[in-house]
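Each value in this text was obtained by applying a stated rule to the coordinates, not by laboratory testing. Bear in mind the structure is a predicted one, so any value in this text is a computation, not a measurement. In this analysis, Cβ positions are derived from the backbone assuming ideal geometry, glycine residues included, and neighbour counts consider all displayed protein chains.
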Amino acid sequence: RVIDSHTIGEPTRLVLDDAVLAGLDLGAGTVRSRREVFRSRYDDVRRALVTDPRGVEAMVGVILVPPADPSCDLGAFYFNRVGFLDMCGHATIGLTVSLGYTGRITPGPFRLETPAGVVGVEWHGGSDASFQSVTPRRIHRGLAIRCPDGSVVTGDVATSGLWFFICRDHGLPIVPEAIPQLLEKAWALRRSLEAAGVTGDGGELIDHIVLMGPPLDPANSARNFVLCPDGAFHRSPCGTATSALVGCLHEDGLLAEGEAWRQESILGGLYEASIRTRDRLLVPTVRGRAWITSEATLHFAADDPYRAGFPQAIRRDS
Ligand code: PYC
């Protein structure tokens, strides 16, 4: 049994079936170590849940596991069509609204252990939820990258649980009509970063590209287009990207503690974000909305050739 939701457009599939979850032998330990066991033993389950023919493009799956950190109430790990995500903001909002809908949580705060670390989450009731991702950190500011067409753009390399290249001088409008060109530019940047040997800690790929632009609604702060590792564009403004961004803005003196940052997505959806210092660490908060789209029982017939999804994830790499 799964419950599907979308967080201002970006889909999440939460596995609800305790019997299925109990049948997965993930060992003991942290959420991150259980996720690694899942990766090595049950990759067919990941594919079955989020790739065609049962999944939809851009879908992120979530599996709940017991937290190892005694201060946490829940543990969760995240995956998409091509692999795993250490953190996922939109899916955290989606899982929270879904758990609220099923009555498993009541409005209020809870602590979630993720592979990236402990994330503070709050269900505000109904479709409304917020999370506090892990400490944002920037490792390059204004890094110049040459694209295959000879153009040079600059951007920041930053993390708040996932790695982002955040770029402003890409020269494209952030409007739905430009999605094919935005995808092409973002893929060129992703490949150029890889070719230039620019990585996160320990050689991690910079696999999310954020192209920034001015907001369409003057009441908001900015608009973005985000390329995800599976080749899909993010339908929401990407919760973890927004967390990393507010860290950079604060460091640049462009966003004061507690000031609101209203981040539009390419489709016009909105996250409201802010940043504060707690125990000398930066804590970003992102608030958004998610809606349940369906409750379903997935079927996996023994003679279905695609019971474990498509064998090869289909990745749009222009
Ligand atoms: O919202 O953080 C996010 C996210 C990352 C990848 C997909 N969604």
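Counting only Cβ charges, +1 for Lys and Arg and -1 for Asp and Glu, the dipole size of segment 50-112 around its Cα centre is about 120 debye.
Residues within the reach of a label modelled at Val56 (point 7 angstrom out along Cα to beta-carbon, backbone nitrogen below 16 Å), restricted to segment 97-132, are 98.
For the chain, the longest principal axis of the alpha carbon atoms and the long axis of helix 89-102 meet at an angle near 40°.
Between Leu216 and Phe110, the contour length at 0.36 nm per residue exceeds the Cα-Cα span by 34.7 nm.
Roughly how many Å is it from the Cα centre of segment 1-46 to that of segment 239-312, as a whole number? Each part's Cα centre sits 18 Å from the other's. Under 8 Å for C-alpha pairs, at least 6 residues apart: give me the relative contact order for the chain, rounded to a whole percent. Relative contact order, the chain: 21 percent.
Using the Cβ-Cβ distance between Arg280 and Arg307 with R0 = 35 Å, the FRET efficiency computed as 1/(1 + (r/R0)^6) comes to roughly 0.10. Between rounded, prolate and oblate, where does segment 1-114 land on the alpha carbon gyration tensor, with a ≥ b ≥ c its root eigenvalues, rounded for a/c under 1.5, else prolate if a/b exceeds b/c? It is oblate, given that a/c is not under 1.5 and a/b is not larger than b/c. Indicate the gyration tensor shape class of segment 100-158 (rounded, prolate or oblate), computed on the Cα atoms with a ≥ b ≥ c the square roots of the eigenvalues: a/c under 1.5 is rounded; otherwise a/b larger than b/c is prolate and the rest oblate. Judged from the Cα gyration tensor, segment 100-158 comes out prolate (a/c at least 1.5, a/b above b/c).
Ranking Leu205, Val56, His6 by how far each Cα lies toward the positive end of the dipole of the chain (charges on Cβ) leaves Leu205 at the top.
With respect to the chain, whose longest principal axis is taken over its alpha-carbon atoms, helix 31-41 is tilted by about 70°. Residue separation of Trp291 and Leu21 scaled by 0.36 nm, minus their Cα-Cα distance, works out to 94.8 nm of gained length. Taking Val286, Val65, Val153 in turn, the Gaussian network model of the chain (Cα-Cα springs below 10 Å) assigns the largest fluctuation to Val153. Would you work out the charge dipole size for segment 105-167 about its Cα centre, treating the Cβ of every Lys and Arg as +1 and the Cβ of every Asp and Glu as -1, and quote it to the nearest 20 debye? So the magnitude is around 280 debye. About the centre of its Cα atoms, the chain shows a dipole size close to 200 debye [charges on the beta carbon of Lys, Arg (+1) and Asp, Glu (-1) only; nearest 20 debye].
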